[in-house]
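Some notes on the structure that comes next.
The values are calculated or read from the model by the stated rules, or taken from the named source; none is laboratory data. In this text the structure is predicted, and so the values were computed from the model without any measurement. Heads up, the Cβs are rebuilt from the backbone with ideal geometry, glycines too, and the neighbour counts pull from every protein chain shown. The area values use the complete protein model at the heavy-atom level, side chains included, leaving out ligands, DNA and RNA. Shrake-Rupley method; radii C 1.70, N 1.55, O 1.52, S 1.80 Å.
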Amino acid sequence: MRRKSPSRREFLQRSSAVVASGCVLGAWNRELFAQIDPSAGARQAVACSRREAGDAAREVLLQGGNAIDAAVAGLLVQCVIEPSNVGLGGYGGSLVYHQAKSGRVQAIDFDARAPRNLDPASLTLANQSHGYLAVGVPGVVAGIDLAMREFGTLPFKTLAKASLALAENGISVTPGLARTFHEHFQEVDSDSQHALFPNGVAAEGGRWVQSDLAQLIRRLGDDGPASFYSGDIAATICKQVQANGGVLAEEDFHDFQAALVEPLHIAYRGYDLYTPPLPSGGLTSLSILKTLEQFDIGKLPPWNARYIELFAGASNLAWGERNEYFGDPDFVTVPVEELLSEQSAIERADVMRQATPTTPARPSGPSHTVNLVVIDKDRNLVSWTATHGNFFGSKVAIDGLGLLLGHGMSRFDLKSDSPNYPAAGKRPQHNMSPLLVMRDGQPCAGLGLPGGTKIVTVTAQLAMNLMDFKAPPQQIVSAPRIHTEGEEPIQVTADTPAEVVEELRERGHRVEVKQALGAGANAVVIEAKSGDVQAAASKGSSGVLVF
């Protein structure tokens, strides 16, 4: 049943204005954004968190595969080597894709759906996060399957070669991975322990071999990824889930489909921006940008106090709208066109000119997710984000498959008046916001990152770094960050100049300095005149390849 939403005017009238805005500009060194030379002659690029995934994607591109093929290969590797972040049992995600041949930008939604037998009253903050009730229909494999059928050129077996080898031969257990395994082992049931560590927890310095997962990858290669949702695989998953109090059923798998959808689109300062629609999170990113388009951001020194103040105001209003309206559009009415309209942007900007607005904030938690951005020689470009949810998702693993399951149910809001309240068959609202930037019909950039609720605010900042501050890729992903989601404190990263932080406090703002806001970001940028490609990822990432 669709839920009727209040008008935006009513919402804006309820937004409280608490701190007057001034016009003093903070100092900033514009040399931070000094341009660097593009990679001369480069036509293809991969940007992701891990070199193993980047190498797999690059190999596929060199074999003649396209950007979708390469992204699938990289994502499959991440499903093997980043078990706490994503997996074949991950709850879902979304991608946005520019197809050079047609000139179209399209999106794929592969968000989880709640089981048909779900009783919303059975969910608590605890069991919606961890355990067998936290599990919805996992969407990652469906997303891979649909992307390959619609846009790919190479078979799954070819794309899975690198991930299969890593699962069969094992990955090195670093000190950090050993600690992660030990902590995870203590928190899961015996079935899940045996599913991941049939021979005991892999020790530091050893190798973690995932034989059951390797066999699953082989089966998907032989029978096709769609076989994940039928036959023995679905039956094995549901048998263990139901034996431990969950309600996921084989019929949920049989009915589940990823969807090819029209992306959300806005024009921003002469560029065209595209991101997947609800229940993905990019509507908030675009709302922030449309609001800030009403201000001449490019004339402000990057990351000065006035800029941060403006961004916080726009973010607070956009988060208020998210909490008020956002949910699965199959179940609730969301005024998407109105929220992205020029008139709404003007109204939000008028509120901000009177004061720094706040709206009731809701608690946010950590997230563990992956993003890949890939461009091929033909200018096909994809930004693809997928996740388990939080650390190891539901903390449920299926014995005999070596398969960790995400916790899509954790993304629902248990307040009964929320548009994101759980219901049977409903998709949860999530944060993932992969973004493509186009200009004059040609790809300009692909952007994306993991990072929980920080994704939607940082995505807007990545776009502004590119379009307002003309930053090259490495500075797009490495610049200071800001986050608010309804009210203060304003959170800023530790690389924000101390004098800017002090000026914000003098202006009456509560400011928290954080070591990080969101996770490592990825950027691929195409130089307009030459067509040369640049790519970058945040510090600590190793999966950037340009060739």
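Residue pairs, Cβ under 9 Å, 6 or more apart or interchain, first in region 196-212 and within 13 Å of ILE81 (Cα to Cα), second of a type outside the set (Val, Ile, Thr) and open to solvent by 60 Å² or more (accessible area, probe 1.4 Å). List them.
Once the first residue is within 13 Å of ILE81 (Cα to Cα) and sits in region 196-212, its partners that are of a type outside the set (Val, Ile, Thr) and open to solvent by 60 Å² or more (accessible area, probe 1.4 Å) give ARG207/ASN169; ARG207/SER172; TRP208/SER172; VAL209/GLU168; VAL209/ASN169; VAL209/ASN199; GLN210/GLU168.
Looking at region 309-321, I want the residues that are within 15 Å of ALA355 (Cα to Cα) and have a partner that is open to solvent by 10 Å² or more (accessible area, probe 1.4 Å) and among the charged types (D, E, K, R) with Cβ atoms under 8 Å, at least 6 apart or on another chain. Which pairs are those?
GLU309/ARG507; ALA312/GLU488; SER315/GLU485; ASN316/GLU485; ASN316/GLU487
Within region 369-400, how many residues turn out to be open to solvent by less than 10 Å² (accessible area, probe 1.4 Å), of a type outside the set (Gly, Ala, Ser) and part of a loop (DSSP other than H, G, I, E, B)?
So the answer is 2.
Just for region 238-247: of the residues that are assigned to a helix (DSSP H, G or I) and of a type in the set (A, V, I, L, M), which one is surrounded by the fewest Cβ atoms within 10 Å (Cβ to Cβ)?
Of the residues in region 238-247, the ones assigned to a helix (DSSP H, G or I) are 238-243.
Next, only the ones that are of a type in the set (A, V, I, L, M) stay: 241, 243.
Numbers: VAL241: 22, ALA243: 10.
Going through the qualifying residues, I end up with ALA243.
So, ASN304, is that one in contact (Cβ under 8 Å) with a residue 60 or more places away in the chain and open to solvent by 10 Å² or more (accessible area, probe 1.4 Å) or not?
Details: in contact (Cβ under 8 Å) with a residue 60 or more places away in the chain: yes; open to solvent by 10 Å² or more (accessible area, probe 1.4 Å): no.
Against the criterion (in contact (Cβ under 8 Å) with a residue 60 or more places away in the chain and open to solvent by 10 Å² or more (accessible area, probe 1.4 Å)), ASN304 does not qualify.
Considering only residues that are in a helix (DSSP H, G or I) and among the aliphatic types (A, V, I, L, M), which ones fall in region 296-325?
Keep residues of region 296-325 that are in a helix (DSSP H, G or I), which gives 297-299, 305-325.
Listed by number, the residues that qualify are ILE297, ALA305, ILE308, LEU310, ALA312, ALA314, LEU317, ALA318.
Give me the helices (runs of 4 or more DSSP H) completely within region 447-533, filtered to those with at least 2 residues that are in contact (Cβ under 8 Å) with a residue 60 or more places away in the chain and open to solvent by 10 Å² or more (accessible area, probe 1.4 Å), ordered by residue number.
Values: elements: 454-467, 473-478, 498-506.
Where helices (runs of 4 or more DSSP H) fall fully within region 447-533 and carry at least 2 residues being in contact (Cβ under 8 Å) with a residue 60 or more places away in the chain and open to solvent by 10 Å² or more (accessible area, probe 1.4 Å), they are 473-478, 498-506.
Residue-wise test of (1) closer than 30 Å to SER383 by Cα; (2) open to solvent by less than 10 Å² (accessible area, probe 1.4 Å); (3) assigned to a helix (DSSP H, G or I).
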{"position": "LEU220", "(1), (2), (3)": "yes, yes, yes"}
{"position": "PHE228", "(1), (2), (3)": "yes, yes, yes"}
{"position": "THR236", "(1), (2), (3)": "no, no, yes"}
{"position": "GLN257", "(1), (2), (3)": "yes, no, no"}
{"position": "THR284", "(1), (2), (3)": "yes, yes, yes"}
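May I ask you to list the residues in region 470-492 that are farther than 13 Å from ALA460 by Cα and among the polar types (S, T, N, Q)?
Across region 470-492, the qualifying residues are GLN474, GLN475, SER478, GLN491.
Looking at this structure, is ASP69 in contact with a Phe, Trp or Tyr (Cβ under 9 Å, 6 or more places away or on another chain), surrounded by 24 or more Cβ atoms within 10 Å (Cβ to Cβ) and in a loop (DSSP other than H, G, I, E, B)?
Taking the combined requirement at face value, the residue does not satisfy it.
Would you mind finding the one in GLN193, GLN215 that is in a helix (DSSP H, G or I), over 24 Å from ALA53 (Cα atoms) and open to solvent by 20 Å² or more (accessible area, probe 1.4 Å)? Let's see the steps before the verdict.
Values: GLN215 fails: over 24 Å from ALA53 (Cα atoms).
One residue alone meets the criteria, GLN193.
Cβ-Cβ under 9 Å, sequence separation 6+ or interchain: first residue in region 133-145 and closer than 15 Å to ALA114 by Cα, partner part of a loop (DSSP other than H, G, I, E, B) and among the acidic types (Asp, Glu). Which pairs?
Filtered contacts from region 133-145: GLY136/ASP111; GLY139/ASP111.
Given the options ASP417, ASP413, name the one that is free of Cβ contacts under 8 Å to residues at least 24 places away in the same chain, open to solvent by 10 Å² or more (accessible area, probe 1.4 Å) and in a loop (DSSP other than H, G, I, E, B). Don't jump to the end; show me each part of the working.
Working: ASP413 fails: free of Cβ contacts under 8 Å to residues at least 24 places away in the same chain.
One residue alone meets the criteria, ASP417.
Looking at ASP328, ASP350, can you tell me which residue is surrounded by fewer than 20 Cβ atoms within 10 Å (Cβ to Cβ), of a type outside the set (S, T, N, Q) and either in a loop (DSSP other than H, G, I, E, B) or modelled with pLDDT of 95 or more (or both)? Reasoning before the result, please.
Details: ASP328 fails: surrounded by fewer than 20 Cβ atoms within 10 Å (Cβ to Cβ).
Unique residue meeting the criteria: ASP350.
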